[in-house]
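A quick write-up on the structure given underneath.
Please treat every number below as a calculation from the coordinates, not as lab data. None of these values were measured; they are calculated from a predicted model. Note: ideal-geometry Cβ built from the backbone for every residue, glycine included; neighbour counts use all protein chains shown.
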Amino acid sequence: MVVFPVDPIAVFGHWLELFEPMSAPNKSYDPVEVTSLHPDEVARVRADALAAIEAASSLDELKQVRLAHAGDRSPLALANREIGALPPHAKAEAGKRVGGARRDVSEALKRRQAELEDERDQRVLVEEAVDVTLPWDRAPRGARHPLTTIAERMTDVFVSMGFEIAEGPEVEAEWFNFDALNFPPAHPAREMQDTFFVESEESGLVLRTHTSPMQIRALLSRELPVYVVCAGKTFRTDELDATHSPVFHQMEGLVVDEGITMADLRGAIDAFVVGMFGEGLRTRFRPYFFPFTEPSGEVDMECFVCRGASAEPGGEPCRTCRSEGWIELGGCGMVNPRVLIACGVDPERYSGWAFGLGVERTLMFRHGVEDMHDMVEGDVRFTRAFGMEI
Amino acid sequence: MRVPISWLREYAELPAEATPREIARRLIAAGLEVETIDELGADLTGPLVVGRVLAVEELTEFKKPIRYCQVDIGNPEPQNIVCGATNFAEGDLVVVVLPGGVLPGGFEISARKTYGKVSEGMICSERELGMGEGHEGILVLPESSGVPGQDAIELLRLRDDVLDLAITPDRGYTASVRGVAREAATAFGVPFHDPAADVPPAETAESYPASIADPAACSRYVLREVRDLDPAAPSPIWMVRRLQKCGVRSISLAVDITNYLMLELGQPLHAWDRGKLSGPIVVRRAERGERMETLDHVVRDLDPEDVLITDESGPVNIAGVMGGLTTEIDEKSTDIVIEAAHFSPEAIGRTARRHKLHSDSSYRFERGIDHELQRQAAATAVRLLAELGGARIVLGETNLRAPVEAVTITIRADHPDRVAGMSYGRDTVVRRLRDVGCGVSGEDVLTVTPPSWRPDLRDPNDLAEEVIRLEGYENIPAHAPRSVAGRGLTPGQRLRRRVGRALAAAGHVEVLDYPFVSEGDWDSLQLPADDDRRHALRLANPLTGEEPLLRTTLLPGLFRALGRNVGRGFGDVALYEIGLVYRPKRTSSGEAVPPPPRLSVDRGPTAEELAAVEAALPDQPVRVGVVLAGDREPAGWWGTGRPANWADAIEAARVVADEAGVELQVKADRHAPWHPGRCAALLVGDVLVGHAGELHPRVIKAYDLPARTCAMELDLTRVESQAVDVVPAPDITTYPVATQDVALIVPETVPAADVEAALREGVARHGAGELLESIRLFDLYTGEQAGEGNKSLAYTMRFRAADRTLTVEETTGARDAAVAEASERVGAVLRGG
């Protein structure tokens, strides 16, 4: 903050005037003899004062002028004292004359004071100018990982629809990760997900291969109907390369309620696509297989960059969808009644849907991340680029 | 599974104008995952003709053997062609590309002079024709497979489109041309001709003797035989070409026929040299200690669960997975036994995984094959051996059958409607189920018998999916989501988000590390031998043997992330991670907890069962870790930088505590991996929540970190449990503040926190606790005036009352009481007093 020097006269000038001592009544007055109250004299003194004020070229000079022409000993102040001694009929006229002159002087002082302060401020502010282009990076920026923030954004689309966020362990019992999700023992479906087993083989514990065990946990721990979404770390025995990582993230939503159909599933996915990628994007469903949903499907969405134009003949190539016009979004389906049974839910009364997708993949196509390494190595340049929210 | 469209069209009457792309699109819409379309020969241009080599002149003046050949291509004059290969002879049939032709890859052929001769074209190898990587050298066609001048593009079916399908585990039947053709025919609404439609008449006589010892392992076992096969009979070109297009190498006629029928029908077949079998065949489980050498020349120790085909000599095959070396067909085999069986999918799957031996055969068996196909497949095999190899079919057939559980499914006719959320109507449902091959009867309630090739159809929803997919997933409407009353995020979920934001706002960058660590990490962290953090879960199949353990602390991962950043030129870094650690539980006697019970899936678990599962899981608290190195504030034109120090690590913990609304107590502690003199234990109330400070120099060395690296690790789950949910509002009073400064000299070893606590206690005892608004250390001095071994701590105490202006006597009294207490407790002496 810039502190301006305070001129006490500027602040207190008028106030001091109130305390000017008055001269005593003059018993032997003679109006003719009181020359200081003569109209010509008042006009002259006033003109002198105004000229001096105008001529003051600095606040200091103006201070002197103020003392000389508006101070206690100034001609107008002295003249003012004489008024009290006048006979009543003369008082009014003389008072009007002197008062008018003093008012004019006071206003001129005020105006000149303001002008000179402006000039001074202009000068001082220029002198105080700094180079605002100097870099000021004393407080290094932090950032949240884009996988964290995009997963929050994804789950929040569902939270805004009234879903709650479910959480659970990463080291999971096989029963939750496989059996209850209708992966029979020795079924090739278990092979689809290359699993990290906790030693020994009989431990019955795995690193969860998907977030789907949360479906079981939600159904076992919550009252029906269930509307939950879950995002978290998942693990498969893939070596790290440009598109794979042994540790990655999934998000999935689960609904179990009365009368839920595939049409509800489509509606929810469409709402998610709008929330995440904007209005007006089409989605399409293809049959697929997951043990825990039946029927199962995979869902694609229209490319949010080219909106399908790149796949048309003669269309400009699109990097986001590799000119296919569609982006593979994730897997989905109707909760397999066998899953409901394993959770003690009556499949005659309740049905549901589940929808899941990869967080890394979503970050990759939404933001053009080319290489999985960037997301796992913790390079501050990568993370800082995304800031606090995305 | 690779499916040539030319083969597909043989069984599905697809419209001639249907492009491969359109066929793929419709199959995808029906749920078959077509990954790619290979357009074989798309860039191949003739003339490409069959030629007969009339004469070969060896040119010997070059570094390698060069042949100058005269080739009959059906013209009056032979074609003169220079060739660098030598694997053919005069009289052989070859393929010749003539000038003007273009081979795959864009190789244009013209008449040109080479090795001193003009070559009018080129004699082609398999690779040059885009047929496969089969073998080096010139492609020599079987005698009588063509005549000179014949178009070789047509003869070798060099132009074809091949669909590459990824088979989902529920659709084993599409691992065959038969299965894909059925789907294609349904997708186009055209007739399908089943290659397995002709069921051979029952044979009266038994063929090779066999028996099933374990009916659970094998429900169908069919054997047929041929004699007097011409072992030199070549596989016909059309068969070789189809195998090649499916990615299968031609080996010999007998083996090619078994592979061909497996691709066409989906039924794996095995062929033995009958002369190498000894005695009757028995299908049984392995005995303990049994071993056999499989066709891939690996001697395998068999497991009692493995299903074997055995004869009197012992195991001859690992059933459905791979044959044994001892009974392999060779170039002299004339008498052949063909096996077509149905083995238990679970048994084959287990065996394939156990031996890490995945074959085309085991792939199909473990997905479930048609259990009524064995007789047709075996009969077709012997017929082809007879037709193509001159063999004599032995009358009779061994046909063993164990009962297969009959599946019928009852569904309401509107069940698919209720699953999809749209109306199909009963007639559509029945028609679609029949398209799939189901037997259907009933009106409002349907009784459905799935076909023998669809073991995946078991439940009403399986049938609903069939109807819905054939009617088109794309036709399902979208219903706007129902509005539900959710409660939003839990306090813990909100806290974790806030903690992340606050740490980032304070300049920390989030990393997400792998949770894999090694025993070496425990040593690098200087953990004592009995430190509980050494008690970690171990992976049975880690990615690298070097990091088989699951983390019990976030720090090693943070150190590695820091190291990577330093290595890339970012030495001034503050990183944080929020994640789980895994702490195995132990019983009260210190032993490992028992594994979780395998619960049933045909009912919901009881509370006790669930508790037993949970008890077996490790504790998995949420931790937050921070690591700081280099300058916390960089040097710049404003002056010097400020290196990160132990206090920044504690401050990071305080940022977390502030978000939780709890007050962090700091105590000196000695705890690995921190510097013993610069380590703080962090408490909330009486609960230890973590540690912070500067790292032990040995830890810094072990992880190759910058000197004076600092770190913090906090158990967020514990902090959460202490968090304040509803903050009570403070009373704000506008009476003036009265301040009192005191400088106290104490021994250097006295913690500042103790001095402050004593001052507070003194004020409280004086009855002025409510008046003390704050107490703040504003100066720390060590030096001559404090005296040897002492330090001077200067505090500002601010007093304020809610209802009056305090008098000097009141605040002085409170101050004196505070100093007296400090004197009493920590030997403080008022400086200058």
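Given 0.36 nm per residue, what is the gain on full extension from B:Asp816 to B:Asp803 after removing their alpha carbon distance, in nm?
On the way: separation 13, 0.36 × 13 = 4.68 nm, distance 2.26 nm.
That works out to 2.4 nm of additional length.
Going from the residue with the fewest nearby Cβ atoms within 10 Å to the one with the most, B:Arg603, B:Arg401, B:Arg583 rank B:Arg603, B:Arg401, B:Arg583.
Modelled this way, with points 7 Å down the Cα-to-C-beta line, the labels at B:Ala213 and B:Arg9 are 5.1 nm from one another. Hey, for a label at B:Ala607 modelled as a point 7 Å past Cα toward Cβ, could you say which residues of the range A:200-239 have their backbone N under 16 Å away? Only A:220-223 fall inside the zone, counting backbone N under 16 Å. Restriction of the GluC sites (Glu not before Pro) in the range B:1-90 to DSSP coil positions whose beta-carbon has at most 14 other beta-carbons within 10 angstrom yields B:Glu17, B:Glu61, B:Glu90. At full extension, B:Thr86 and B:Ser110 could sit 6.4 nm farther apart than now, given 0.36 nm per residue minus the alpha carbon distance.
Between the helical axis of B:460-471 and the longest alpha-carbon principal axis of chain B there is an angle of about 70 degrees. Taking every alpha-carbon pair under 8 Å whose residues sit at least 6 apart, chain A reaches a relative contact order of 15 percent.
Can you list which of the trypsin sites (Lys or Arg not before Pro) found in the range B:36-143 are DSSP loop residues with at most 15 other C-beta atoms within 10 Å? Provide the component values of the computation, followed by the final result.
Details: sites: B:Arg52, B:Lys63, B:Arg67, B:Arg112, B:Lys113, B:Lys117, B:Arg127; in loops: B:Lys63, B:Arg127.
Answer in residue order: B:Lys63.
Each of B:Val199, A:Val359 has some number of other Cβ atoms within 10 Å of its Cβ, and from fewest to most they run B:Val199, A:Val359.
Each part reduced to its alpha carbon centroid, the range B:288-352 and the range B:382-436 end up 28 Å apart.
Here the Karplus curve 6.51 cos²θ - 1.76 cosθ + 1.60, taken at θ = phi - 60°, turns the phi angles of the range A:106-116 into couplings of 4, 5, 4, 4, 4, 5, 5, 4, 5, 4, 5 Hz, with x standing for Gly and Pro. Extension gain for the segment B:Thr428 to B:Ala502, taken as residue separation times 0.36 nm less the Cα-Cα distance, is 20.7 nm to one decimal. For A:Lys110, a cut-off of 25 angstrom between C-alpha atoms picks up these lysines, skipping any fewer than 8 places away in its own chain: A:Lys63, A:Lys96. Go through chain A and flag any cysteine with no other cysteine's C-beta closer than 4.7 Å, please. For chain A, the answer is A:Cys230, A:Cys332, A:Cys343, because their Cβ atoms have no other cysteine Cβ under 4.7 Å. Rounded to the nearest 0.05, the FRET efficiency derived from the C-beta distance between A:Ala385 and A:His89 at R0 = 60 Å is 0.10.
The charge dipole of chain B, taken about the Cα centre with unit charges on the Cβ atoms of Lys, Arg (+1) and Asp, Glu (-1), comes to about 1080 debye, rounded to the nearest 20. In this simple spin-label model, placing a label point 7 Å from the Cα along the Cα-to-Cβ direction at both B:Ala233 and B:Asp704 gives a separation of 6.7 nm.
Using 1/(1 + (r/R0)^6) with R0 = 22 angstrom and r between the beta carbons of B:Ser600 and A:Asp156, what's the FRET efficiency to the nearest 0.05? Let's see the in-between values first.
Details: r = 37 Å, r/R0 = 1.68.
It comes to 0.05.
A straight Cα-to-Cα reach below 12 Å connects B:Lys791 with the aspartates and glutamates B:Glu748, B:Asp779, residues fewer than 8 places away in its own chain not being considered.
Looking at the range B:518-612, which GluC sites (Glu not before Pro) are DSSP coil and have at most 16 other C-beta atoms within 10 Å of their C-beta?
Values: sites: B:Glu519, B:Glu546, B:Glu577, B:Glu591, B:Glu608, B:Glu609; in loops: B:Glu546, B:Glu591.
Answer by residue number: B:Glu546, B:Glu591.
Can you give me the C-alpha center-to-center distance between the range B:1-75 and the range B:132-183, rounded to a whole angstrom? The distance from the Cα centre of the range B:1-75 to that of the range B:132-183 comes to 8 Å. Against chain B, whose longest principal axis comes from its Cα atoms, helix B:374-389 is set at around 50 degrees. When +1 charges are put on Lys and Arg Cβ atoms and -1 charges on Asp and Glu Cβ atoms, the dipole computed for the range B:738-830 relative to its Cα centre reaches about 200 debye.
Please report the spacing between the Cα centers of the range B:261-285 and the range A:95-173 in Å, no decimals. The range B:261-285 and the range A:95-173 have Cα centres separated by 84 Å.
Projecting the Cα atoms of A:Gly358, B:Ala340, B:Pro78 onto the charge dipole of the protein assembly as shown, computed from C-beta unit charges around the Cα centre, puts A:Gly358 farthest toward the positive end. Label-to-label distance for B:Glu17 and A:Ala129 is 7.8 nm, based on points extended 7 Å past Cα in the beta-carbon direction.
Check the straight Cα-Cα distances from B:Lys276 and name the aspartates and glutamates below 14 Å, setting aside those fewer than 8 residues away within the same chain. Within the straight-line cut-off, B:Lys276 pairs with B:Glu225, B:Asp311, B:Glu312, B:Glu328, B:Asp330, B:Glu331, B:Asp335. Taking only Cα atoms, what is the 0 to 90° angle, nearest 10, from helix B:808-826's long axis to the longest principal axis of chain B? Relative to chain B, helix B:808-826 is tipped by roughly 60 degrees.
Cα-based radius of gyration for the range B:151-201, normalised by 2.2 N^0.38 Å, reads 1.48. First measure r as the distance between the Cβ atoms of B:Arg642 and B:Thr544, then evaluate 1/(1 + (r/R0)^6) with R0 = 35 Å and state the FRET efficiency to the nearest 0.05. My answer for the efficiency is 0.35. In chain B, taking the dipole from charged Cβ atoms about the Cα centre, the farthest positive-side position among B:Ala649, B:Leu549, B:Gly289 is held by B:Ala649. Couplings for the range B:26-43, taken from phi via the Karplus curve 6.51 cos²θ - 1.76 cosθ + 1.60 with θ = phi - 60°, read 6, 5, 4, 5, 8, x, 9, 8, 7, 8, 9, 10, 8, 9, 5, x, 5, 9 Hz in order; Gly and Pro are left as x.
Under the definition of Cα pairs under 8 Å and six or more residues apart, what whole-number percent is the relative contact order of chain B?
Working: 1706 pairs, mean separation 64.6, N = 833.
The value is 8 percent.
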